Amino acid sequence: MGERTILHSDMNCFYASVEMMLDPSLRGKAVAVCGSTENRHGIVLAKSELAKRAGVKTGMVNWEARQCCPNLIMVKPQYDQYLKYSELAHNIYQRYTDQVEPYGMDECWLDVTASQGFCGTGMEIAEKIRQSVKEELGLTVSIGVSFNKIFAKLGSDMKKPDAITEIRKDEFKEKIWPLPASDLLFVGRATTAKLAQYGITTIGGIANADPMMLKRLLGVNGLGLWRSASGLDDTPVMHKDFVSPMKSIGHGITCTADLENEDEVWKVMLELSQDIGHRLRVHKLKATGVQISIRSNDLGYRQFQAPLTLTSQNPTIIAKKAFQIFQDNYRWTVPVRAVTVRAINLKPKSEPEQLDLFTDIGHLDRLDRLDDCIEEIRRRFGKKAIFQACLLGDLKIPCDNRDKVIMPGQMN
């Protein structure tokens, strides 16, 4: 089939672009999609090109964004719409290949090597995708075309918005090596600072460094960066149906108000564990341990974990373990702002387990049958058809589906 041809498609200013497409009166204006200040999520989630030029940045608090751009229009996020248009874009990509690997909601890699015989060259396919997304969805994409995933991603970042950039094997050194080291995928702020201490400030500097020195400096990731910078990346684009093996399943939320006591923390953990238990059952997995992450209202961050006595997918057992870990480790000097519960070290539900003489097998079997019944009721009548009475009332948990969303540019 010849040389690999990889595309990386990046939907420009995705959240903001969807909002402007849904509301044409926003077009040509500085727009930012922002969390609600009242609900403790007052930061910029995405911004339009005009807002970006004015200095508005993702993660900036709302008042700071307003200072940068006094005429900024702030809109609330519509996560269901973002999910919808992300899926519609994926449907367009799948017209050309079934090797479509998401990288967050707004980005995808496509391997079109085998499609070129009947769909055109990589550049021609990229142009067809660019036009289809614009005409059918009213959105724009920037697409990188190259011989591996790393350089295709770099290509999509080099020219925005609504553009296509090709990086060929015979020219990548001239195009890529002069770029800052931080432009290379997986070179974050800390890695950039470490490399700079050794005089490595460009991608070419990484490629020309001693790989063993990079390994000593950054561990095995150093070798990976050297391969990427040298154009040797050969990681495959996964099939559209590929699901990476799960090592953990978690659910976390920033609360709408501070949690002031253990009772409030328990209710939040129990509510979060309902979703975790459901997902464990869907994937036929069980947890061997529980991990919690706590962010206090002074933005301090703490993480603790402990093993379960017996593996489980029961939400109440997971919640009780999470709460026990919290009680054993958290000191109430300040209220709690955010809570995450995670089932860790997952195993297949069908995997045999050694029990002890003191385990009440009958009780565990009854819990499993009760969970089966609850799952069936919720499947037929909705998530809120049956739940613990203690979860009635204000749990200080926002209900806008933000937990279902993968933030732009984040891994699955």
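Annotations for the structure displayed:
- For beta carbons closer than 6 Å, sequence separation of 6+ or different chains, a first residue in region 371-386 that is modelled with pLDDT of 85 or more and a second that is in a helix (DSSP H, G or I), the qualifying pairs are I377/A385.
- Only residues that are within 23 Å of I167 (Cα to Cα), in contact with a helix residue (DSSP H, G or I) (Cβ under 7 Å, 6 or more places away or on another chain), outside any helix (DSSP H, G or I) and open to solvent by less than 20 Å² (accessible area, probe 1.4 Å) were counted in region 131-152, giving 6.
- In region 104-117, the residues that are closer than 16 Å to E3 by Cα and either touching a Leu at 6+ places or on another chain (Cβ under 9 Å) or hydrophobic (A, V, I, L, M, F, W, C) (or both): L110, D111, V112, A114
- Considering R342, R366, R331, the condition of being under 15 Å from G252 (Cβ atoms) and open to solvent by 50 Å² or more (accessible area, probe 1.4 Å) is satisfied by R342 alone.
Here is a yes/no grid of residues against (1) in contact (Cβ under 8 Å) with a residue 12 or more places away in the chain; (2) in contact with a His (Cβ under 6 Å, 6 or more places away or on another chain); (3) outside any loop (DSSP other than H, G, I, E, B); (4) open to solvent by 40 Å² or more (accessible area, probe 1.4 Å):
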| residue | (1), (2), (3), (4) |
| --- | --- |
| W266 | yes, no, yes, yes |
| T309 | no, no, yes, yes |
| F326 | yes, no, yes, no |
| A338 | yes, no, yes, no |
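- Tallying residues that are at pLDDT below 95 and touching a Pro at 6+ places or on another chain (Cβ under 8 Å) within region 87-105 yields 2.
- Hits in region 242-270 (condition: hydroxyl-bearing (S, T, Y) and touching a Lys or Arg at 6+ places or on another chain (Cβ under 8 Å)): S248, T254, T256
- Counting the residues of region 340-361 that are free of Cβ contacts under 8 Å to residues at least 60 places away in the same chain and of a type in the set (A, V, I, L, M) gives 3.
- Every condition in (1) in contact (Cβ under 8 Å) with a residue 12 or more places away in the chain; (2) open to solvent by less than 90 Å² (accessible area, probe 1.4 Å); (3) not small (G, A, S) holds for D210 except the one numbered (1).
- Those residues of region 380-400 which are surrounded by 11 or more Cβ atoms within 10 Å (Cβ to Cβ) and within 19 Å of R337 (Cα to Cα), in sequence order: L391, L395, K396, I397, P398, D400
- For region 37-87, residues that are exposed (fewer than 14 other Cβ atoms within 10 Å of the Cβ), in contact with a helix residue (DSSP H, G or I) (Cβ under 8 Å, 6 or more places away or on another chain) and either at positive phi or not in a loop (DSSP other than H, G, I, E, B) (or both) total 1.
- Test: residue in region 156-167 that is farther than 25 Å from A126 by Cβ, open to solvent by 80 Å² or more (accessible area, probe 1.4 Å), in contact with a strand residue (DSSP E or B) (Cβ under 9 Å, 6 or more places away or on another chain) and touching a residue at least 12 places away in the same chain (Cβ under 8 Å): no
- Residue that is farthest from the chain's Cα centre (by Cα), among those in region 263-280 that are among the charged types (D, E, K, R) and within 23 Å of K349 (Cα to Cα): E271
- Scan of region 275-298 for residues that are closer than 25 Å to G35 by Cα and either open to solvent by 30 Å² or more (accessible area, probe 1.4 Å) or touching a Pro at 6+ places or on another chain (Cβ under 9 Å) (or both), ordered by number: D275, I276, R295, S296, N297, D298
The values are calculated or read from the model by the stated rules, or taken from the named source; none is laboratory data. Predicted model, so just to flag it, every value in this text is computed and none were measured. Note: ideal-geometry Cβ built from the backbone for every residue, glycine included; neighbour counts use all protein chains shown. To get the accessible areas, we keep the full protein, side chains included, count just its heavy atoms, and leave off ligands, DNA and RNA. Shrake-Rupley method; radii C 1.70, N 1.55, O 1.52, S 1.80 Å.
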